[in-house]
1. Counting only residues that are touching a residue at least 40 places away in the same chain (Cβ under 8 Å) and not hydrophobic (A, V, I, L, M, F, W, C), which one in region 68-83 is most open to solvent (accessible area, probe 1.4 Å)?
2. Can you list residue pairs whose Cβ atoms sit under 7 Å apart, with the first residue in region 278-292 being closer than 20 Å to residue 267 by Cβ and the second being among the β-branched types (Val, Ile, Thr)? Count only pairs 6 or more apart in sequence or on different chains.
3. Please find, among 525, 519, 537, 504, the residue that is under 13 Å from residue 561 (Cβ atoms), of a type outside the set (Ser, Thr, Tyr) and surrounded by fewer than 24 Cβ atoms within 10 Å (Cβ to Cβ).
4. For residue 65, work out the one condition from (1) over 30 Å from residue 186 (Cα atoms); (2) open to solvent by 10 Å² or more (accessible area, probe 1.4 Å); (3) not in a helix (DSSP H, G or I) it doesn't fulfil.
5. Looking at 165, 176, can you tell me which residue is on the phi < 0 side of the Ramachandran plot, out of contact with any His (no Cβ under 9 Å at 6 or more places or on another chain), free of Cβ contacts under 8 Å to residues at least 12 places away in the same chain and among the charged types (D, E, K, R)?
6. Of the residues 431, 419, 474, only one is open to solvent by 40 Å² or more (accessible area, probe 1.4 Å), free of Cβ contacts under 8 Å to residues at least 40 places away in the same chain and of a type in the set (Phe, Trp, Tyr); which?
7. Of the numbered conditions (1) modelled with pLDDT of 95 or more; (2) touching a Lys or Arg at 6+ places or on another chain (Cβ under 6 Å), residue 363 satisfies every one except a single condition; which is it?
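The values are calculated or read from the model by the stated rules, or taken from the named source; none is laboratory data. Not measured: the values here are computed from a predicted model. Note that we place each Cβ from the backbone using ideal geometry, even for glycine, and neighbour counts take in every protein chain shown. Accessible surface areas use protein heavy atoms only, side chains included; no ligands, DNA or RNA. Shrake-Rupley method; radii C 1.70, N 1.55, O 1.52, S 1.80 Å.
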Amino acid sequence: MKHSIHPGAATPGQRHGAMRGGGRRCRLAMLLVLLAAVGCKGTQPAAQKGDKRYQRKPIVERNDEQLKTEAMLIDAKMLAETGHEEEAAGRYLQVLTRDPKNTAAMFELSRLVAAQGMADSAIALGRRAAEGDRDNIWYARHLATLYQLTNRRKELIATWESIVERRPAVIDYYYELSDAYTLNKDYKGAIATLNRVEKMVGVTEPVSMQKAKLWNAMGRTDKATQEVEALAKAMPQVGRYNAILAESYMQNGKYDKAKEHYDRVLASDPDDPYIHISLAEYYKATKQPQKAYEELKRGLTGGSLSTANKLQIVTNFYSSEEFYGIHSQYAFDLAATAMRGSDDSTTYAAFYGDILMRQRKYGEAAHQFALALGRDSSKYEIWEALLVSELSDYSDTALLASHARRASRLFPFHPLPYYIQAVVEHDNGRYGEAIKLAKHCEQMGFDKGYLEPETYAMLAECYNRLDDTACYAYYERVLKLEPGDINIMNSYAYRLAIDKHRLDKAEQMSKKTLEAEPDNPYYLDTYAWILHQMGRDKEARKYIEKAIKRDDTSDEVREHYNAIMKGQ
């Protein structure tokens, strides 16, 4: 029967004692003082129990004193197990008074005081028990436990060394000794101990892998690799050892050696998705992005990886700069591969929608965002992505307006849903309604300028359509924010030309649009019409002729052409 200390677990006796108060520890301490006073006094021989737990040699006969001592030990043990630790300690003390060399009493009393947190006393008793009966391994193991709990590393190592010396055939004791050396950061001692195990049982995974870890902790990656190589050689049928070696060589920049071991794994199990993923890492490290992509795609399409795992692999494989930048073509296709056949596409729809948006696949992106919102409609950023996608696609304005109205109800303090409603109203010719919605955006204010020029442009265009000169002020606001916006310059200049107002300003703005896009028929038409309004039809003619050559379908351009040519 094993005896061990369990300081973290409360026995029934410990719970009973806790209810009676904190005086018990003090009384135990007093008993220990008495025990120290007794010392080695006494004339009675040590009891030799026949119980295997104490590992005594069997005796044929016991005298009365021996039987009485044994009875006291049994009584003390029963008291301890029923929660009467103080009485049990007193009874063990009586045993030691009768027989100061009784190691069983020392051991049990050591366990009792250790449970009360009296580590030094427990160690003193445990040491006396272990030294008094060197054949009893349980005593030595108990002492080792006490040394470990109190972080006495040198004593811990010495104790396990003595245990191994006494029981050299028990493999587990070598592992304990190796752990003791490791705890003391004596990695060479730990490795030497494991080498002794290896001589006994041959090359095994637990020993080789632990030695590899210890060599790595010492910064000897070469030695760590040798350990795994020996393991792979001893067990060629186990593919993961080659995979471990390949990873080790990859970390050390030895790519040729890594490839050699990856190929061995691939030959043994070509359908394993992880070998293809590992090969992708190899090709990425060796600057072969096309092959890296191909291997990663094989890994994603083979095996039984979940969609979550596939997407995590893809996003971990590329940095953000690579994912959305130089390797976006590969990354986006791999993300689509990961999503294909997903049994729960709504979980990853927002992520995939973002990828589709970046590819300008706005209709597909909108579908993904709608799926995501069907799962959880509480996230405004997904609503915003949906609205932007649908606005960019602009194939279903009724659905766009419906989504914008719902978003404005859910998130009344965000301007985008109102702005998008204004866009739809404007395009349907309901300029008054568009102005109300855009004004609402203006009243809400613009966080760091978000939607400010767009809202003013919307108001300018709506007032322009209503022939309201209020458009002037909004055109001016847009150009103050974005002085290079040639579309706004063109609209503003044309409005001024129609109103025959500030034609010099109109001419300057229109000229800038032509400098930017000299062949744009609408910019040519605007400039020609401004010149016409200024009475400069001779100059206007060459611009209107260029305009009609580039667009002879516009009624407005044809009307201006006829007017200017007639003026000649």
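1. Of all residues in region 68-83, those touching a residue at least 40 places away in the same chain (Cβ under 8 Å) come to 80-83.
If we keep only those that are not hydrophobic (A, V, I, L, M, F, W, C) as well, we get 81-83.
Details: 81: 117, 82: 87, 83: 0 Å².
Selected residue: 81.
2. No pair meets every condition.
3. Details: 525 fails: surrounded by fewer than 24 Cβ atoms within 10 Å (Cβ to Cβ); 519 fails: under 13 Å from residue 561 (Cβ atoms); 504 fails: under 13 Å from residue 561 (Cβ atoms).
On inspection, the qualifying residue turns out to be 537.
4. For residue 65, the failing item is (3).
5. Working: 176 fails: free of Cβ contacts under 8 Å to residues at least 12 places away in the same chain.
The match here is 165.
6. Values: 419 fails: open to solvent by 40 Å² or more (accessible area, probe 1.4 Å); 474 fails: open to solvent by 40 Å² or more (accessible area, probe 1.4 Å).
Answer to the selection: 431.
7. It fails just one condition, (2).
Each row is one residue, and each column tells you yes or no for (1) buried (at least 20 other Cβ atoms within 10 Å of the Cβ); (2) among the aromatic types (Phe, Trp, Tyr); (3) within 54 Å of the chain's Cα centre (by Cα).
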site	(1), (2), (3)
435	yes, no, yes
466	no, no, no
484	no, no, yes
489	yes, no, yes
512	no, no, yes
